[in-house]
Every structure is written in C-alpha cells, then in structure tokens.
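What follows is a single structure, written as structure tokens, with notes after it.
Every number here is computed from the coordinates shown, using simple stated rules; none is lab data. It should be emphasised that the depicted structure is a prediction, and the values quoted were computed from it without experimental measurement. Every residue, glycine among them, receives a Cβ derived from its backbone with ideal geometry; neighbour counts consider all protein chains shown.
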Amino acid sequence: MSDKRVKILVVRQDRLGDAINAVPVLISLRKTKPEAYISFMVAQPLAELFAGQPYLDEVVSWGKNFLCLIYFLRQGRYDAVLMLHPSKILAWAALFAGIKLKAGLGFRPYYILTGFKPAHIPQNDRDVHETEYNLAVARSLFDLPGEIEPPQIVLSDKEMSEARSVLMSMSVQAPIAILPANRGSSANWPPERYGELVQKLVDAKQEVLILGGPGEEEILKKVKGNTNVPIAGPELTLRRLAAILANCRQVTGSSTGTLHLAAATGAKTVGLFCPAPASRPERWRPLGEGHVQLVPEEESCKNCRPSAKCDLERIQVEKVLEHIL
C-alpha cells in the first residue's frame, strides 16, 4: 500500500491536555508519511481547536452510539487506527468496520479478539512522558523518528490580532496569565494562594490576567480579590483562549489542559505539580523550551497515596515569583 492512499485515524477522545499530548504523534506521522490522509478523533468540544492544523487533514468526533461509530469508520475507509487511550467500544467498532491495521496502548483482553496490536512502555521507568505512551502506539505500526517534537497549536494572523484587541480592551498587552482552577484533575493551590500571587504581581507593577472556564467564575473572583486585575475565559472559545494565551508573557497554573494549551501556542509556563507517581511532572510537564515545573519537597509527600491530589501548600508564592519576575 502506498503512502498516497493510506488513511490513518488517531483517536484521543478524553480531555484537553490528553489531546494536546497526542499532537506529537500527528506531527511525526505527517513528517514520515507526508502523502497520508491523517484524521484526528477528539471529544466534540475540542474539535474546533484542532481544525485547520497543518499536521492534519481532518478532525472528527463521535458520541456514544456504537452502530453510528461502525458506520463512520466504514465510510472513512481507514487503513489504520491508533487508539491512544483504550476503548472497548472503539476496538469492536474498528473490527466490524473491517480496518486491518489496529494498535492500542497497553493490553486489554479484547485486543486479542479485535485484532489490536498492544503497545507497551516499561512500567519501571518513572521518567516516561505521556507523549511517549502515545508515540509507542504509533511506532507499533509505523516507523517513526525517535525525537519528539513538542505539541503545536497554529493560529492565524487574524486570530492573533483579534486576541491582542481583546487584551487591549482589558487594559493589558502581554500579561502574566494565572490559571487558578483545574476542576480537580490534578493537585492544585487553594484560591487564597493564587490570590496572594496575584496581589504580589500587582504590587510589583506587573500586567496580570486571570483565566478560567465556565463554572469557575466564583474561584476567579476570589482570586481577583480587591485588585483591578481583569478576568477572562468563561466566555471564550477554545481558539480565542489559545490566541490570548499565545499573547501572554507567561502562564502560571497547576497541571491542566490549559497549561498544555498555553505551551502549545508558544507561551512560557510555570507549572505547579505534585510528585506523586500519577501526577509527577516527568510524565505531565509541557514539552518544549522555557517551561518551569515546581513541586513540593519529596519529604512532604512521602506518605501520599499514588493517586493523591494535595493542595501543594509547600510550594511557596516566593518560589513562583522567582521564575516570573
């Protein structure tokens, strides 16, 4: 089969940060197989973010209807499916759709029945980044380069210009963005600690912007406190949020999809991480140059459960300021 005809479907249907960490797979496939038709299946709310990216030909999404998924896969005439996060429904749908080349992360018993090739990363290597897990799936079917290119979200000149106009309407130009909420997806500072950071930045005459999503308005107001710092985010589309992040001097927050989005647009980040195995920055840090990851002392977390999500209180505001000011 020639590259000109091959159609590859890459699937990562969970959260924003997970989808962004799948982008290096897409970039590697595009470089290695420039004539291939590459589709990226993501959750519906994320589809508009990836539309028009240069490493893709198509962005698709799917709900939960099994028969509709089989129909979609058949209509797509895909030659290969890379399932970056295990899904029993997708595995069976790919089988019934007649897709020949199939690979999935790890091993599940249904891989044997559905013809999925398992991809593994040594579990004793604590420093493996999430991107390596994704690339392991792709490498089980395709010969890809060993180096990893960081995720990229490419925005148009018009989008960047409109974002600058939005920032100017809030009386800031290249602010330090603060991301105080993460919906419980990882360890995080309490709002009061972010509020202290915002106040110190204001006292230091820095431009500051507080960013968050729908449903996080109360947290954002608490962090703002009595300052005049503008708040944005709940009303923004993902692409507008990305363009605003790209115009920020620096972005600070915990390990969230928005932090990964900021890094993918070219912004520099200061990330707050828990050293527990499920959260450690070695696996979840934004890739690329100029990013900083801060963790509490290991001693303070020695009794944490592997999946613990602490309040990161032992990361002091002054330590964060050292990497901002």
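The set of residues in region 148-159 that are in a helix (DSSP H, G or I) and touching a residue at least 40 places away in the same chain (Cβ under 8 Å) contains only Glu159. Is there a residue being touching a residue at least 24 places away in the same chain (Cβ under 8 Å), under 26 Å from Ala47 (Cα atoms), among the hydrophobic types (A, V, I, L, M, F, W, C) and out of contact with any Ser or Thr (no Cβ under 9 Å at 6 or more places or on another chain) anywhere in region 167-179? Yes, region 167-179 contains a residue that is touching a residue at least 24 places away in the same chain (Cβ under 8 Å), under 26 Å from Ala47 (Cα atoms), among the hydrophobic types (A, V, I, L, M, F, W, C) and out of contact with any Ser or Thr (no Cβ under 9 Å at 6 or more places or on another chain). Checking each residue of region 86-96 against the condition of being more than 20 Å from Phe116 (Cβ to Cβ) and surrounded by fewer than 18 Cβ atoms within 10 Å (Cβ to Cβ) gives no match.
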